[in-house]
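Report on the following structure.
The values are calculated or read from the model by the stated rules, or taken from the named source; none is laboratory data. Computed from a predicted structure; not experimentally measured. Cβ sites come from the backbone with ideal geometry, for glycine too, and all protein chains shown count toward neighbours. These accessible areas exclude ligands, DNA and RNA; they are computed on the full protein's heavy atoms, side chains included. Shrake-Rupley method; radii C 1.70, N 1.55, O 1.52, S 1.80 Å.
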Amino acid sequence: MSATEATIKETTTTATEPALVQLHDVVKTYQRGSETVQVLQKLSLDVPRGDFLALMGPSGSGKTTLMNLLGGLDKPTSGQVIIDGQPIHQLSDSALAKWRARHVGFVFQLYHLLPVLNAERNIELPLLLTKLSHSERKKRVAAALSLVGLHDRGKHKPSELSGGQEQRVGIARAIVTDPTILLCDEPTGDLDRKAGDEILELLQVLNAEHGKTIVMVTHDPHAAACAKRTLFMNKGVLSEEPEA
Amino acid sequence: MFGLIWTNFTRKKGRLALTLLSVLIAFLLFGMLMAARQVFNPQLGKSDQSRLLTVNKVSRGAPLPVAYAQRIAQVPGVKAAAYATFMLGWYQKRENAFAVVAAPPEGVFKAFPVEASADQKKAWFSDRDGALATPALMKAYGWKIGQRVPIMSTMQKKDGSTTWDVTIDGVVTNSEHPDAKQQQLILHYDYLNTGRATGTHTVAMYFEVPDDPAKATQVAMAIDKLFENASPQTSTSTTKAVVHNAIRQAGDIGGIIVDVAIAVFFSMLLVVGAIMFQSARERRTEFAALRALGFTRATIVRMVIGESLLTCLIGGLIGIGAAAALISGLQRMLDKMPASMDITGAAVLISVGLMIGFGLVAAAAPAGQLWRLSIREALGRM
């Protein structure tokens, strides 16, 4: 499929198993003063369950806007955003928040951990929105901490952790609710190479061994190489090849 | 969720201490004000609305002849009349001062809202140098019924002494203010009148109870008309009017204090509101991250309101508690005064209502700001 069609369909998607993520003719425009800026241009995308997709592209190309739409943090101007069969573009603000709590795990570049809470309580945050008992929440937090290799750092506050450890806590918080999809925004962007590699390795494990569907925005070709496939965004259009 | 609110509430200890101190002082002030209102606005009894008071028209402090009594009692519309004269008395030392009222025994229980047991009344009626004491006075000096006590005063006796020996015949209570804490002693008018060196056969004022409270004004006019051409002339008005007049000056001063205190009270709560606003503003990114994790706008707003309510309730309750402790100390000093200070249950309820109200008001601005928060803009990148 050509870049000019602005349509990327994963070849493995079959008629019997619809893609986990389906974007159809998504347009997103912003108003900057009197000027209307079209950030995404009739973009279509399928991401099958279990995929690990890296999104690359220059700053301002629309990657973050696309992630915002996938995560239910923003709504398209037109088109459809369907995640796991749910047309989330139709949901109200409140319903979207509840949907995010259940289906999306965010991994932020700057971690966005609450500095006053220790690692365990940061990881527990999304579980506060569920009806789980305190003991059940503790079990899940312990499992998530163990999965990211920080079982002995649960009582440490973010200021007492290294950047790599903070990002691991961020990942544990993202997976503790067992979300449908993990959205990672430059997860290694604030880390040195060694810590970054450990995070990428962790994401690969989550994808390969735990079946997590991951969409990752990155500027780093090395990070993108860890994904199963890479798409390139340029001026609101997706393509399989970087623009020359 | 409460754990999260509590952690955020206590995240900056220094700022929390200062904020709580502001609320504490505001409600300490409010508690004192509520108590002080009782001093500046004493509750009048039912009979005060219609009971009449006759004083010297030229000067309220000047005496009237006791001979007016019979004529006043005969004025149409007067159901009961009594007269009284007063002096300052003290027991053992000058600091133990209290009011001494001298009145005719038969008139005391008709014209004043006071009560005593039948046998004590009977004992006092027949004991010319007997006295009735209020419960507060009995308690203050541990007096017993039948005890002989020397009362020192500013009023000189014919023999040159200023000590009046009396026997405590009974306890007299105020039927309209059973909890009144006044320290008063009631003597026979005859005992004081025949014993004193000067001012014999005079009284400080007359008290009248009209047949029909609705006609109190007409009765007052009739009494004054009776002495229109006498010397001295009289001035009669309802007890309510006299009391209001007497407290007006104090009330004016009280009003100024109340106004200033209210201004300070609101200023401090504005400070709290500003601190809440600043605190929420500093945490915009954190709140945006929570929104991204699935916290709804309503949940975020509830968290902010929760922090604000905690601030106002904890600071406010400590403030009201401090006011109660302070007033309790002051109360011991005020026991001898006619007015009492106290933080009532109603005052505590009003205070708690204000704490909740101010908690909600202080949270309004930051809650509004966070309600409009754009996750996309607050997080910059996602």
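How large a share of the accessible area of the protein assembly as shown, in percent, is made up of carbon and sulfur atoms when the probe is 1.4 Å and the other protein chains stay in place?
Solvent-exposed carbon and sulfur of the protein assembly as shown make up 56 percent of the total.
Compute the Rg/Rh shape ratio of the protein assembly as shown: radius of gyration over Kirkwood radius, all on alpha-carbon atoms.
1.32
Sequence-distant or interchain residues sharing an amide H contact under 5 Å with B:Val172, placed H: which?
Placed amide hydrogens put B:Ala133, B:Thr134 under 5 Å from B:Val172.
Compute the distance in nm between two label points, each set 7 Å from the Cα along the Cα-to-Cβ direction, one at A:Ser162 and one at B:Thr344.
6.8
Mind checking A:84-94 for the average number of partner chain beta-carbons within 10 Å of each residue's beta-carbon?
1
Treating cross-link reach as a plain straight distance, find the lysines whose alpha-carbon is under 30 Å from the alpha-carbon of B:Lys181, omitting any fewer than eight places away in the same chain.
List returned: B:Lys46, B:Lys79, B:Lys93, B:Lys110, B:Lys121, B:Lys122, B:Lys139, B:Lys144, B:Lys157, B:Lys240, B:Lys336.
Using a 10 Å cut-off on Cβ to Cβ distances, tally the other chain neighbours for every residue of A:96-104 and report the average as a whole number.
Rounded to a whole number, the mean comes out at 4.
Please give me, ordered by residue number, the trypsin sites (Lys or Arg not before Pro) of segment A:82-142 that lie in loop per DSSP and have at most 11 other Cβ atoms within 10 Å.
Those that pass, being in a loop and sparsely packed, are A:Lys131.
What is the calculated FRET efficiency for B:Asp212 to B:Gln233, with r their C-beta to C-beta distance and R₀ = 41 Å, to the nearest 0.05?
Rounded to the nearest 0.05, the efficiency is 0.95.
Calculate, for segment A:168-244, the solvent-accessible area per residue in square angstrom, rolling a 1.4 angstrom probe over the heavy atoms of the protein chains.
Result: 40 Å² per residue.
In degrees, nearest 10, range 0 to 90: what is the angle between the Cα axis of helix B:345-371 and the longest Cα principal axis of chain B?
The two axes meet at around 20 degrees.
Provide A:Arg32, B:Arg15 ordered by accessible surface of protein heavy atoms (probe 1.4 Å), highest first.
Per-residue accessible area, sorted high to low, gives A:Arg32, B:Arg15.
Please compute the contact order of segment A:126-244 in relative form: average sequence separation of alpha-carbon pairs under 8 Å and at least six residues apart, divided by the residue count, as a percent.
Dividing the mean separation by the residue count of segment A:126-244 yields 20 percent.
At R0 = 41 Å, how high is the FRET efficiency between A:Lys139 and B:Lys12 if r is their beta carbon distance? Nearest 0.05 is fine.
0.80
Would you tell me the mean number of C-beta atoms belonging to other protein chains that fall within 10 Å of each C-beta in B:292-303, as a whole number?
6
Provide the per residue accessible area, probe 1.4 Å, for segment B:136-191, rounded to a whole number of square angstrom.
Roughly 48 Å² per residue, with all protein chains present.
Just B:Ile300, B:Ile318, B:Ile25 to compare: in a GNM of chain B, with alpha carbon springs under 10 Å, which one fluctuates most?
Ranking B:Ile300, B:Ile318, B:Ile25 by mean-square fluctuation puts B:Ile300 first.
Below 8 Å, C-alpha to C-alpha, sequence gap of six or more: please give me the relative contact order for chain B in percent.
Worked out over chain B, it gives 28 percent.
If you take the beta carbon distance between B:His177 and B:Val260 as r and set R0 to 45 Å, what does 1/(1 + (r/R0)^6) give as a FRET efficiency, to the nearest 0.05?
That gives a FRET efficiency of 0.90.
Can you tell me the dipole magnitude for the protein assembly as shown around its Cα centre, using point charges on the Cβ only (Lys, Arg +1; Asp, Glu -1), in Debye to the nearest 20?
Rounded to the nearest 20 debye, it is 1280 debye.
Report the accessible surface area buried between chains A and B, summing both sides, using a 1.4 Å probe on protein heavy atoms only, in Å² rounded to the nearest 100.
The A and B chains share an interface burying roughly 2500 Å².
If you average the sequence gap of Cα pairs under 8 Å that are 6 or more apart and divide by the length of chain A, what percent do you get for the contact order?
Relative contact order here is 28 percent.
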